[in-house]
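Worksheet for the structure shown next.
The values are calculated or read from the model by the stated rules, or taken from the named source; none is laboratory data. Since the model is a prediction, treat every value here as computed from it, not as a measurement. Note that we place each Cβ from the backbone using ideal geometry, even for glycine, and neighbour counts take in every protein chain shown. When the accessible area is computed, the model is the full protein with side chains, heavy atoms only, and any ligands, DNA or RNA have been set aside. Shrake-Rupley method; radii C 1.70, N 1.55, O 1.52, S 1.80 Å.
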Amino acid sequence: MKLPAHDAAARQDPAQPPAAHHDPENTGYRVQLPRQTLGPLRQVIRRLLLALLVMVATVLIVYADRGGYHDNADGEVDFLDAVYYSTVTLSTTGYGDIVPYSDGARLSNVLLVTPLRVLFLIILVGTTLEVLTERTREQWRLTRWRSALRDHTVVVGFGTKGRSAVQTICATGLSKERVVVVDPSPKAIESAIGHGFAGVVGDATRSDVLLRAEIEKARQIIIATQRDDTAVLVTLTARQLNRAANIVAAVREEENAPLLRQSGADSVITSASAAGRLLGLSVLSPSAGTVMEDLIQQGSGLDIVERPVVKAEVGKSVRDTDDLVVSVLRGHRLLGYDDPEASPLKATDRLITICLLYTSL
């Protein structure tokens with residue numbers, strides 16, 4: 001099924017050439033891992049300073065031993081001649097008008113000037129060497145990343161919803177190394193990499209793009225695309241590639257939620273309706289709206305936590321627990337705290353509670 005060309009979650013960035021989205025082998029979309037590198041200007045300045053330092057060192061060596069050099073023009077070597085000799089020597093031009101003739105000068109050329117010449121050439125061709133080294137290092141990092149990645153979280157769409165979802169799960173203790181972001185926009189992926197996440201540039205409705213994110217080994221998948229039809233296609237593709245993952249998807253229209261559940265989503269959040277309810281609650285009671293917003297922000301104030309039933313709570317009523325229980329998850333059934341079937345608690349139950357601070361269980 002082909003998506004509309006205007007779909008923000010499936011289109012390519014017009015400022016980015018298509019070839020830049022693929023691996024050199026043209027076998028799929030590029031995976032980008034977070035890294036810390038110097039900016040281009042700082043790299044150029046650093047190399048220029050290194051080259052200048054090598055030049056100054058060579059000039060000082062030649063000038064200190066100027067008595068052992070012969071200038072065909074006047075027979076003597078002054079400071080300008082030392083600078084001139086150092087320049088043509090480091091650039092391997094070698095006109096031969098100034099030559100070392102004493103044993104000391106020739107020995108210093110062998111032991112000092114020649115290594116400096118090699119270092120100067122390495123600095124000059126450093127860009128090419130760095131590209132080759134960077135490619136090798138990047139391939140090694142990707143290979144190690146793929147082999148070590150297990151039970152991670154894949155986030156499709158790094159817009160407002162996707163970023164908020166990632167911030168929430170990371171606030172509960174999830175490591176950034178276990179989050180992979182998929183988005184068709186290179187700018188969005190650059191933003192994700194800047195936050196420390198791995199990124200894949202591409203259309204998530206394509207199975208080869210999701211496979212680049214190692215989705216078949218993911219534990220949970222968050223789908224936060226801009227359009228509902230895109231979310232449906234991504235959910236279908238993700239569920240086909242991973243039958244066991246927990247898939248949570250967001251839709252704008254509530255009428256599309258059943259379609260997403262049929263496509264394989266375990267949980268569906270209607271963003272427009274949820275925002276509207278929060279707005280309405282805030283109008284009726286601003287304080288209640290503030291409390292609800294605090295509840296959905298992990299790590300700040302009140303948190304909603306899902307935890308197992310501890311041994312001391314087995315057989316007790318929901319109201320007898322130390323925490324404020326909102327619901328009881330029994331198997332695939334979600335029971336309200338006031339449901340008669342919620343009590344007594346069983347060892348296999350899980351409790352949805354409200355606590356002051358999140359603690360990893």
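Some values worked out for this structure:
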| item | result |
| --- | --- |
| Checking GLY159 against (1) within 13 Å of the chain's Cα centre (by Cα); (2) open to solvent by less than 50 Å² (accessible area, probe 1.4 Å), the condition it does not meet | (1) |
| From the options THR92, THR87, residue that is of a type in the set (S, T, N, Q), assigned to a helix (DSSP H, G or I) and touching a residue at least 24 places away in the same chain (Cβ under 8 Å) | THR87 |
| Residue among VAL88, VAL156 that alone is within 30 Å of ASN242 (Cα to Cα) and touching a Gly at 6+ places or on another chain (Cβ under 8 Å) | VAL156 |
| Qualifying position, being modelled with pLDDT under 90, open to solvent by 30 Å² or more (accessible area, probe 1.4 Å) and touching an Asp or Glu at 6+ places or on another chain (Cβ under 8 Å), among ARG252, ARG141 | ARG252 |
| Hits in region 161-186 - residues which are polar (S, T, N, Q) and more than 28 Å from ARG307 (Cα to Cα) | SER185 |
| Enumeration of residues in region 51-84 that are part of a helix (DSSP H, G or I), more than 25 Å from ILE123 (Cβ to Cβ) and open to solvent by 40 Å² or more (accessible area, probe 1.4 Å) | ARG66, GLY67 |
| Near pairs, Cβ below 6 angstrom, 6+ apart or cross-chain, from region 159-184 (more than 21 Å from THR225 (Cβ to Cβ)) to any residue that is modelled with pLDDT under 85 and open to solvent by less than 60 Å² (accessible area, probe 1.4 Å) | ALA171/GLN298; ALA171/GLY299; THR172/GLN298 |
| Criterion violated by ALA148 - all others in (1) touching a residue at least 40 places away in the same chain (Cβ under 8 Å); (2) open to solvent by 30 Å² or more (accessible area, probe 1.4 Å); (3) of a type outside the set (S, T, N, Q) satisfied | (1) |
| Unique match (being open to solvent by less than 80 Å² (accessible area, probe 1.4 Å) and outside any loop (DSSP other than H, G, I, E, B)) among LEU111, LEU107, LEU116, LEU174 | LEU116 |
| Helices (runs of 4 or more DSSP H) wholly inside region 256-361 that include at least 1 residues being surrounded by 14 or more Cβ atoms within 10 Å (Cβ to Cβ) and at pLDDT 85 or above | 257-263 |
